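Just so it is clear, none of the values below were taken in a lab; they were calculated from the coordinates. Keep in mind that this is a model prediction, so the values were computed, not measured. Heads up, the Cβs are rebuilt from the backbone with ideal geometry, glycines too, and the neighbour counts pull from every protein chain shown.
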Protein chains: 2
Amino acid sequence: MPELRKDPIVGRWVIIATERTKRPHDFGSRPEPRRGLCPFCPGQEGMTPPELYALRPGDGPGARANAPGWRLRAFPNKFPALRVEGELDKAGDGIYDRMNGVGAHEVIVETPEHNKRFSDLSEADIAGVLGAYRHRMQDLSRDGRLKYVMIFKNHGSAAGASLDHPHSQLIALPVVPRVVSEEMKGARKYWRLKERCVFCDIVRQELKERVRLVYENASFIVCEPYAPKFPFETWILPRVHRARFEHTSNEDFTLLANALKVAATKLNVALDDPPYNFILHTTPFGEGDPDHYHWHVEIMPSLMQVAGFEWGSGFYINPTPPEEAAKFLREIDI
Amino acid sequence: MPELRKDPIVGRWVIIATERTKRPHDFGSRPEPRRGLCPFCPGQEGMTPPELYALRPGDGPGARANAPGWRLRAFPNKFPALRVEGELDKAGDGIYDRMNGVGAHEVIVETPEHNKRFSDLSEADIAGVLGAYRHRMQDLSRDGRLKYVMIFKNHGSAAGASLDHPHSQLIALPVVPRVVSEEMKGARKYWRLKERCVFCDIVRQELKERVRLVYENASFIVCEPYAPKFPFETWILPRVHRARFEHTSNEDFTLLANALKVAATKLNVALDDPPYNFILHTTPFGEGDPDHYHWHVEIMPSLMQVAGFEWGSGFYINPTPPEEAAKFLREIDI
């Protein structure tokens, strides 16, 4: 069973893998590119755990699960960071705190086509991926042990992807992760001061100034944030206040798919298919529909190395002003 | 002038470079290894800004600055992230906050020998490096604009080092960086609850349990932390309460040099000269000599990629339990 351990100084939780432990010689050179069959390709369904959700648009109600014919497929990660079974068993260990690594770790294969990139998918296919996120999130919200579902995508090996076949991941956690609780806390503080949602204020200012705006449609804006950690960091926000991603309508999924495809395509053109991480930020389970928090997507191209200064300070040195990045991305015709 | 900008949600500051801006094509493939003369080698002193501090042990008081003969040399970074000149000029920009990128960015060249590693230096040479840190920190503490001095070392290109010649860096900041203020806050909270320093409690528990202990001498312990972000993350802590690094005595520098050399050598043997970041954590300027904070060193080998899950959550997945890493490091004979 993996273990969750809490740093006694700042309260950060880490997941310590207790099975499949990596020993020093396991950290040598980078793994060879994987050869042979891709476990995410059609026909290899037997290589993955049984599916939790799939889209098989052409098929009738008798369509067979775990067989080819799907457009999208979600299943538990074969090597999960956290396990679904068991109790949390919170316990002390002298001054330290630990609990069992209970949670869920799932994979969402976004297309049957191995060599497509996310930005090559049609808007309808991307909307299908968003629907899968919503379905899995709603399903996991019924498990009282879980406090948050983190949905993310690593594209490219330099951004941490271990398989090329386009896929997203989902990790459901028994505690609200630190990055999210700090965002919630900061947004609550801003609300108390101003009685306005800080994200709504960001949307208003970006739409007015337009220097960091990359794209907009009827429901979403794509912009570079004012204080980006990384060059070409790009955010997608709903234009009007929306606290929870999983309450998004199908109509808005179509517009979000459009915004995501435009953002991913522009980044691909600008930066020549960069490795990137895509992260969905939304309100934790059990916090209702707050006025102060606004779900959004952050896309972070992996162009820079994070080094001692960033680790030690939490400061980031960004050599590309967001206004320049936004201008560059705006001017790309797609 | 570089600019400091504050994230309006969580309050994180970033440094936005406004000169030498990187454009999309600058992020292509990794830079070629640098050829030609190393600007940190003896005889190339003219390639760096004039020195701020140096050790020239054999020389008399008439020794020439910025000429060969040194054992250690500190000077401003030629391409600084922050500038020493100017006022902060704090200002609003709609809902956002900015100030000028005032601060200092210095380089400490640890040895004249280009091909040595930090762990190859003698304990006396390492104690000299520590003395240089203390000298620069004390000098910068007199500048009222500065709130914190971050001292760090990136070893190996995968850990962000752009030059091979052994060196540390120092960045002095006009705000207390987020990672440090969170540590201070967490340590203060622990003090209020227990009336004990959390770091002193860590030292006590690690010395008692010994499962995460790697090495100890009369003044320092080397241990793996209970909840490490990364495999083989290694901390060095003073055995007794010490709030400020710059108050360390020369006698303790000798023992710290011993602990650092042992830790770096064991990590080199275990992980075959891994890239790593070394970070000094100490009490910010102007916070006196607090009972609740305890300076320490964190060494983080760069063995894993940080990907979407870590960026989005602040959770880390560590595949090597610290007890196994400590056992491995303890058993290395050096």
Please flag any cysteine in chain B that has no other cysteine's Cβ under 4.7 angstrom from its own Cβ. B:C223
Relative contact order of the stretch B:24-144, please, whole-number percent, based on alpha carbon pairs below 8 angstrom and at least 6 residues apart. 22 percent
What aspartates and glutamates does B:K194 reach when the alpha-carbon gap must be under 14 Å and sequence neighbours fewer than 8 apart in one chain are set aside? B:D291
Euclidean distance of C-alpha centroids, the stretch B:176-235 and the stretch A:273-295, integer Å: 32 Å
Based on DSSP H runs of at least 4 residues, each adding -39500 (n - 2.57), what is the mean residue ellipticity at 222 nm of chain A after dividing by all its residues, to the nearest 500 deg cm²/dmol? -8000 deg cm²/dmol
For A:M1, which inter-copy label distances result when the label point lies 7 Å beyond Cα on the Cα-to-Cβ vector, reported in nm to one decimal and in ascending order? 5.7
Please enumerate, by chain and number, the lysines with C-alpha under 16 Å from the C-alpha of B:K208, excluding those fewer than 8 residues away in the same chain. B:K327
Taking the axis that carries chain B onto chain A, what is the nearest Cβ in chain B, and at how many Å, to the whole number? B:V306, 3
On the principal axes of its Cα set, how long, how wide and how thick is the protein assembly as shown? Give whole Å, largest value first. 90, 53, 51
Of the cross-linked pairs B:K6/B:K90; B:K116/B:K261; B:K6/B:K229; B:K6/B:K147, which ones have a Cα-Cα span greater than 22 Å in the structure shown? B:K6/B:K229
Return the percentage of antiparallel bridges among DSSP beta bridges fully within the stretch A:179-330, rounded to the nearest 5 %. 100 percent
Placing +1 at every Lys and Arg Cβ and -1 at every Asp and Glu Cβ, with all other atoms neutral, what dipole size does chain B have around its Cα centre, in debye to the nearest 20? 480 debye
For the stretch B:180-330, what value does the Rg/Rh ratio take when both radii are computed over Cα atoms and Rh is the Kirkwood radius, given to two decimals? 0.96
Relative contact order computed over chain B (Cα-Cα under 8 Å; 6+ residues apart), in percent: 16 percent
May I ask you to sort A:I108, B:I332 by Cβ crowding, counting other Cβ atoms within 10 Å and putting the fewest first? B:I332, A:I108
Rh (Kirkwood; distinct C-alpha pairs) - chain A, Å: 21.3 Å
Please list, in chain and number order, the residues 5+ apart from B:K147 or on another chain whose amide H is under 5 Å from its amide H, with Hs placed from the backbone. B:L173, B:V175
Find which of B:I332, A:A259, B:A158 sits farthest along the positive direction of the dipole of the protein assembly as shown, computed with +1 on the beta-carbon of Lys and Arg, -1 on that of Asp and Glu, about the Cα centre. A:A259
Could you tell me which helices of chain B pass both thresholds, a Cα extent of 30 Å or more along their own axis and a mean Kyte-Doolittle hydropathy of at least 0.0, with helices taken as whole DSSP H runs? B:250-271
